[in-house]
Amino acid sequence: MSRFVACAAILAAAVAVAPAQGQQVATITPSKDNTLYFHPLGMFSNGVGTHVFAGLNANARARRALLAFDIAGSVPAGSTIVSAMLQLTMDQTIAGTVNCSLHALTADWGEGTSNAFTGGGGGGAAATPTDATWIHTFNPGSFWTAPGGDFVATASATTPVGSSSTYLWTSNQMATDVQNWLNAPATNFGWILRTPETVPPSAKRFGSREHPSAANRPTLFVTFTPPSASATINGVGCNVSAIGLPYSLTANGLPTLGNASFALNFMDGHANGVATLYVAQGLAIPPLPVGNGCNIYLDIASALGFIASGISPLGPFPLDGLGAFTMPLPLPLDPALIGFTIDGQAISIDPTTGQSATSNALSLVLG
């Protein structure tokens, strides 16, 4: 494979993550939503209903809406969250103006197939497997620590909600919540929406992600700054060079979009051997030892995915008498590549003995 075909193959792995340079906005609809209906046995839910509810009904029975958004799938890893704004459309109430507050949830929960389509949905429907209920995180066998949901006591944002209209929630704490969820996706359980639950009625009905009108579905607008370009070395290659240095893969400069001189350097491999480059999106933790002080640092599953697609491995590339080779990788000035990440690891092969050696891993973030 020529170096130019190799460059094209690496860039073919890129995906569009944002429309422009500088600050960008991700528009995200919920990955799941549901309503907790007060019931001591957790009988009711509304997993796929067209609405979610928050507040007290006329009988002083509480409803609390659950909303979760896939932040890590919508914002590049390493980005800085500038702001977060939630838009909800409220289309039915018998109450006056009520403060509706978002609280970050501290436990995961489910959206089953329950559908409260009668009576406007306010009474809920029989909970189905995996539904969140007043007592269950996932019906029927997993439970909230506290009935009514586990959440941070201090509200992330509060907005007065009156008559039917579209309402917005935004605050510095919401931006912090989203940043935390981006940095640690396993902690992303979304928000619970509730009222003070003091004087009935206070219930408000909002469009859910299943609402037939896209304009009435919850929408989270996240403004973020993509990560800066970086090239990070992970691990250490095994030693095969005549001068006692580990086989290494390094970057010549930073992977900044528009950098026509960017290149990858293969160094201290087998003298006059050949090199191949494998790519992945992620690293193996811990690395996989393969003997003689050599390790596989790439995430195996994603590496195999690139192999199956024909993008990887790249090469073979000829190494000189010092076991070195430079592969130019000019980067286009394409805003769609901002924040794209890829990991690479080289293998050096001695054509005489067939002996192989692995390099360190090199993690690139385009910016």
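Tell me, yes or no, whether region 89-104 has at least one residue that is within 16 Å of residue 132 (Cβ to Cβ), in contact with a strand residue (DSSP E or B) (Cβ under 9 Å, 6 or more places away or on another chain) and not charged (D, E, K, R).
There is at least one residue in region 89-104 that is within 16 Å of residue 132 (Cβ to Cβ), in contact with a strand residue (DSSP E or B) (Cβ under 9 Å, 6 or more places away or on another chain) and not charged (D, E, K, R).
Count, please, the residues in region 271-283 that happen to be assigned to a loop (DSSP other than H, G, I, E, B) and within 26 Å of residue 245 (Cα to Cα).
The total comes to 4.
Output the residue which, of all residues in region 325-363 that are hydroxyl-bearing (Ser, Thr, Tyr) and under 22 Å from the mean Cα position of the chain (by Cα), is farthest from residue 281 (Cα to Cα).
The extreme case among them is 363.
Residue by residue, here is whether (1) outside the structural domain of residue 81 (by TED's automatic domain parsing); (2) within 19 Å of residue 62 (Cβ to Cβ); (3) without any contact (Cβ under 8 Å) to a residue 60 or more places away in the chain holds:
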| site | (1), (2), (3) |
| --- | --- |
| 114 | no, yes, no |
| 122 | no, yes, no |
| 129 | no, no, yes |
| 146 | no, yes, yes |
| 153 | no, yes, yes |
| 170 | no, no, no |
| 178 | no, no, no |
| 193 | no, yes, no |
| 201 | no, yes, no |
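Residue check: is residue 64 charged (D, E, K, R) and modelled with pLDDT under 95? First the steps, then the outcome.
Working: charged (D, E, K, R): yes; modelled with pLDDT under 95: no.
The answer is no for residue 64.
When you check residue 245 against the structure, is it over 25 Å from the mean Cα position of the chain (by Cα), closer than 30 Å to residue 285 by Cβ and modelled with pLDDT of 95 or more, yes or no? Spell out how you get there, then give the answer.
Details: over 25 Å from the mean Cα position of the chain (by Cα): yes; closer than 30 Å to residue 285 by Cβ: yes; modelled with pLDDT of 95 or more: no.
Considered against the rule, which asks whether it is over 25 Å from the mean Cα position of the chain (by Cα), closer than 30 Å to residue 285 by Cβ and modelled with pLDDT of 95 or more, residue 245 comes out as no.
Given region 36-154, what strands (runs of 3 or more DSSP E) lie entirely inside it while holding 3 or more residues that are surrounded by fewer than 21 Cβ atoms within 10 Å (Cβ to Cβ)?
80-93
Of all residues being within 28 Å of the chain's Cα centre (by Cα) and among the hydroxyl-bearing types (Ser, Thr, Tyr) in region 115-144, which is nearest to residue 40 (Cα to Cα)? Just the residue, please.
133
Only one residue in 246, 226 is surrounded by 17 or more Cβ atoms within 10 Å (Cβ to Cβ), in contact (Cβ under 8 Å) with a residue 24 or more places away in the chain and in contact with a Pro (Cβ under 7 Å, 6 or more places away or on another chain). Which one?
Values: 246 fails: in contact with a Pro (Cβ under 7 Å, 6 or more places away or on another chain).
Within the list 246, 226, the selection yields 226.
Need the failing condition index for residue 238 against (1) modelled with pLDDT under 95; (2) surrounded by fewer than 18 Cβ atoms within 10 Å (Cβ to Cβ), just the number.
(2)
What do you reckon, is residue 286 assigned to a strand (DSSP E or B), within 33 Å of the chain's Cα centre (by Cα), farther than 21 Å from residue 354 by Cα and not hydroxyl-bearing (Ser, Thr, Tyr)?
yes
Would you tally the residues in region 69-92 being within 18 Å of residue 115 (Cα to Cα) and under 26 Å from the mean Cα position of the chain (by Cα)?
0
The values are calculated or read from the model by the stated rules, or taken from the named source; none is laboratory data. Treat the numbers as computed from the prediction; the structure is a model and nothing was measured. Reconstructed Cβ throughout: ideal geometry from the backbone, glycine too, with neighbour counts over all protein chains shown.
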